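To keep things clear, I will list the structure first and then write my remarks on it.
Quick note: the coordinates plus some simple rules give every number you see, no bench work behind them. Being a predicted model, the structure only gives us computed values, none of them experimental. Positions of Cβ are generated from backbone atoms using ideal geometry, with glycine treated the same way; all protein chains shown enter the neighbour counts.
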Amino acid sequence: MALFKRFGWFFLVNIAVMITISIVTSSLGLNRYVTDRGLNYGMLMAYCLVWGMAGSFISLAISRIMAKWTMGVKLVDPAQASGEARWLLSTVYDLSAKAGIKTMPQVGIYESPEVNAFATGPTRNRALVAVSSGLLYGMSKEEVEGVLAHEVAHVANGDMVTMTLVQGVVNAFVMFFARIVAFAVGQSVKEESRHMVELITTIVLQILFGILGQVVVSAFSRYREFRADAGGATLGGRQKMISALERLRGATNRVDDSQQAVAAFKISGRPSKFLALFSTHPPLEERIARLRAAKV
């Protein structure tokens with residue numbers, strides 16, 4: 001029942017986002033990019049940018065709320081926290097202050113056997129750092145601190161915003177080029193079949209171009225992980241960061257990638273040699289080797 005409720009909220013929010021963007025593009029006339037003279041490329045680009053960027057930034061704006069709903073994150077109340085929860089809160093606050101974050105992130109725990117953590121939020125001063133119960137109670141304090149330092153580094157680097165920008169730009173270009181090619185294909189068939197041919201071609205090309213675009217997004221995500229590792233080593237200590245990654249290496253079979261909205265912001269992802277180009281995280285072995293070779 002809880003899983004159905006979480007999926008229901010996710011579905012309803014996405015429908016609301018799509019309706020909102022449709023109303024905006026229609027009211028601005030951006031959806032009328034096909035004219036008697038052909039395509040209005042400027043209007044088409046504006047249309048694609050609104051769809052590509054608006055969807056990404058609306059998702060970013062509500063990312064903390066969605067994480068709580070979809071992942072079942074329970075916030076740690078500073079006034080009532082004790083034991084492990086109190087230590088978790090104190091450690092995140094100390095690392096955040098060290099990173100120069102002015103407004104302390106919200107800190108939460110979600111019930112899951114996976115050994116993982118993630119950070120999300122619209123800005124570095126409106127962030128959420130959450131850890132799984134499997135990580136909090138299955139790792140040593142030094143290892144957990146290494147994980148937390150990595151997540152705080154994500155917040156300090158503004159990775160949530162930069163990932164959203166990259167994804168939004170990629171989405172816009174995927175839509176733009178798919179429609180240009182689809183329009184050209186449509187001009188080569190009879191007028192009565194043109195609309196259906198353009199529609200089908202657009203859908204197929206958006207899927208194909210979207211796959212290629214995801215290679216770019218994933219490559220940036222992997223680069224961002226190396227930066228967060230380096231930042232985590234600076235904030236929490238290189239050995240703690242290395243110890244955390246080594247422990248995570250033995251727990252990759254307990255990684256939950258079902259919630260793609262936060263999967264890219266977790267400290268560890270499920271490894272896949274076959275789909276390495278689409279992986280949001282570099283191999284843990286490579287991350288550990290870079291930390292060992294770094295001068296931190």
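Please identify which residues in segment 19-38 have an amide N closer than 11 Å to a label point set 7 Å out from the Cα of F57, following the Cα→Cβ vector.
No residues fall inside that zone.
Using only Cα atoms and rounding to the nearest 10 degrees, what angle (0 to 90) does helix 191-236 make with the longest principal axis of the chain?
Helix 191-236 and the main axis of the chain meet at about 20 degrees.
Return a whole-number percent for the relative contact order of the chain, with Cα pairs under 8 Å and 6 or more residues apart as the contact set.
19
Distances over 17 Å make up what percent of all Cα-Cα pairs in segment 155-233?
In whole percent, the long-distance tail amounts to 56.
Mean projection of the alpha-carbon convex hull of segment 46-185 over all orientations, in nm²?
Details: hull surface 39.7 nm².
Mean projected area of the Cα convex hull: 9.9 nm².
If every alpha-carbon in the chain counts as one equal scatterer, what log10 I(q)/I(0) does Debye give at q = 0.13 1/Å?
One equal scatterer on each Cα of the chain leads to -0.92.
Under the Karplus relation 6.51 cos²θ - 1.76 cosθ + 1.60, θ = phi - 60°, what is the ordered set of whole-Hz ³J(HN,Hα) values for segment 165-175, x standing for Gly and Pro?
Each residue's phi maps through the Karplus curve to give 4, 4, 5, x, 5, 4, 4, 5, 5, 4, 5 Hz.
Using a 7 Å offset from Cα along Cα-Cβ at V216, what residues in segment 279-294 end up with backbone N under 19 Å from the label point?
The answer is 279-281, whose backbone nitrogens lie closer than 19 Å to the label point.
Can you quote the Å³ per residue value for the convex hull of the Cα atoms in segment 61-104, rounded to an integer?
It is 95 Å³ per residue.
Kindly work out what percent of the DSSP beta bridges joining two residues of the chain are antiparallel, to the nearest 5.
Values: 10 of 15 bridges.
Expressed as a percentage, antiparallel bridges in the chain total about 65.
Ignoring everything except DSSP H segments at least 4 long, calculate the 222 nm mean residue ellipticity for the chain; use -39,500 (n - 2.57) per segment, divide by total residues, nearest 500. Don't skip to the end; give the middle numbers.
Details: 11 runs with 193 residues, N = 296.
Mean residue ellipticity, 222 nm, calculated: -22000 deg cm²/dmol.
I'd like the projected area of segment 197-248, averaged over all directions, using the convex hull of its alpha carbons. Report it in nm² with one decimal.
4.7
Expected output is a single nm value to one decimal: the length gained when fully extending between I200 and R37, i.e. 0.36 nm times separation in residues minus the C-alpha distance. What is it?
Using 0.36 nm per residue and subtracting the Cα-Cα distance, I get 56.4 nm.
Taking 10 °C and 1.306 mPa s as the conditions, I'd like the Stokes-Einstein D for segment 22-109 in µm²/s, using the Kirkwood hydrodynamic radius from alpha carbon pairs.
Rounded, D is 95 µm²/s.
Work out the length of the dipole vector of the chain about its Cα centre, built from +1 on the beta-carbon of each Lys and Arg and -1 on the beta-carbon of each Asp and Glu, and round it to the nearest 20 debye.
The calculation lands at about 380 debye.
How large is ³J(HN,Hα) for each residue in segment 29-39, as worked out from phi by the Karplus curve 6.51 cos²θ - 1.76 cosθ + 1.60 (θ = phi - 60°), to whole Hz, x for Gly and Pro?
Couplings: x, 6, 7, 9, 7, 9, 10, 4, 8, x, 7 Hz.
So if R0 is 51 Å, what FRET efficiency would I23 and S140 give, r being the distance between their Cβ atoms, rounded to the nearest 0.05?
So the FRET efficiency works out to roughly 0.50.
Please compute one quarter of the surface area of the Cα convex hull for segment 180-223 and express it in square nanometres.
3.0
Can you tell me the order of 52-61, 26-35 when each peptide is scored by its average per-residue count of other Cβ atoms within 10 angstrom, highest first?
Most protected by this proxy first, the peptides run 52-61, 26-35.
Within segment 142-170, which residues have the backbone N less than 20 Å from the label spot 7 Å out from E286 along Cα→beta-carbon, could you tell me?
150-151, 154, 163, 167
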